[in-house]
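Worksheet for the structure shown next.
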Amino acid sequence: MLIRAEKVIIITEKIISSRIIDYLESMDIKAYTIYKDVSGQGNRDIRSISGGLSRYGENIRLEVIIKDDEKAVKVVEKIYAKYLHSKYAGIIYIEDVRIIKQNEE
Amino acid sequence: MLIRAEKVIIITEKIISSRIIDYLESMDIKAYTIYKDVSGQGNRDIRSISGGLSRYGENIRLEVIIKDDEKAVKVVEKIYAKYLHSKYAGIIYIEDVRIIKQNEE
Amino acid sequence: MLIRAEKVIIITEKIISSRIIDYLESMDIKAYTIYKDVSGQGNRDIRSISGGLSRYGENIRLEVIIKDDEKAVKVVEKIYAKYLHSKYAGIIYIEDVRIIKQNEE
């Protein structure tokens, strides 16, 4: 049986990935997937405080599945405000998914 | 013109990718995309029968588009039961997409 | 606050990526993400005019976020008609996402 869940996707500079993972773990989110071979072009002229440009070099895509929609929105708003609003190049967004309902639920 | 379809995403150990592709082909699903540079951390303490840990090393992301929702759900439940429920580390889920309607449809 | 947007995903041969990016820029779409380590198998027997086969070698996944749904559909139909309908191997589709509402909106 499938249930609805949310996928949060963060594409940003590699330099902040461990801080984002620490934050996710503090929110009890322990499962994630990382894609390393990612490049791109942002639409903002953010010069990252890491010294990178928005036409950024070393990036990652980080994905997590969060069952609770409210929690997913909170995570997105927090990471955006803390890292992506003005300090680092990147984008964050949510997608609806359907996953297997685990027995323990 | 766009029509609704389902995207099935499987992130799992590379060692079972050819068996999953064989199963997909047996279901008449012949088009797929593979992402190789994937790593991650699972939220279950599954020690894979391949010897891998849930903090797994060599992984793939496999994506297929399936037009029929019922078939997509069946594929997800089958792959989960056969490989991901207890034997191998990984996750499987469905996303709604819209694709171009082909002429022959 | 989150608002709805569309994500357009194009998986195709690397050889046409710069032409697709030029087209996206002509449509005022300046932000995109590229995944390079992608392979796959198409369900059509298209022999690309680049000389590639549908069991294609060097591919990319290109993603853009477009706020306006009508514009997203137009972009998908245009790229499909121009490149993927008969000339190059690949797939294009749309997913619904939710993104942060920027202050200037």
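Over 27 Å apart at the Cα level, from the set A:LYS14/C:LYS87; C:LYS7/C:LYS87; C:LYS36/C:LYS101; A:LYS101/C:LYS101; B:LYS30/B:LYS87, are A:LYS14/C:LYS87; C:LYS36/C:LYS101; A:LYS101/C:LYS101.
Counting only other chain Cβ atoms within 10 Å of each residue's Cβ, the peptide B:85-93 averages 3. From a point 7 Å beyond the Cα of B:ALA81 in the direction of its Cβ, which residues of the range B:9-29 have a backbone N at a distance under 19 Å? What the label zone holds, given the 19 Å backbone N cut-off, is B:9-10, B:19-29.
Each other copy places its own label point for B:LYS74 at 4.1, 4.1 nm from this one, sorted shortest first, where the point lies 7 Å along the Cα-to-beta carbon line.
Each value in this text was obtained by applying a stated rule to the coordinates, not by laboratory testing. Just so we're clear, the structure is a prediction, and the values are computed from it rather than from any experiment. Note that we place each Cβ from the backbone using ideal geometry, even for glycine, and neighbour counts take in every protein chain shown.
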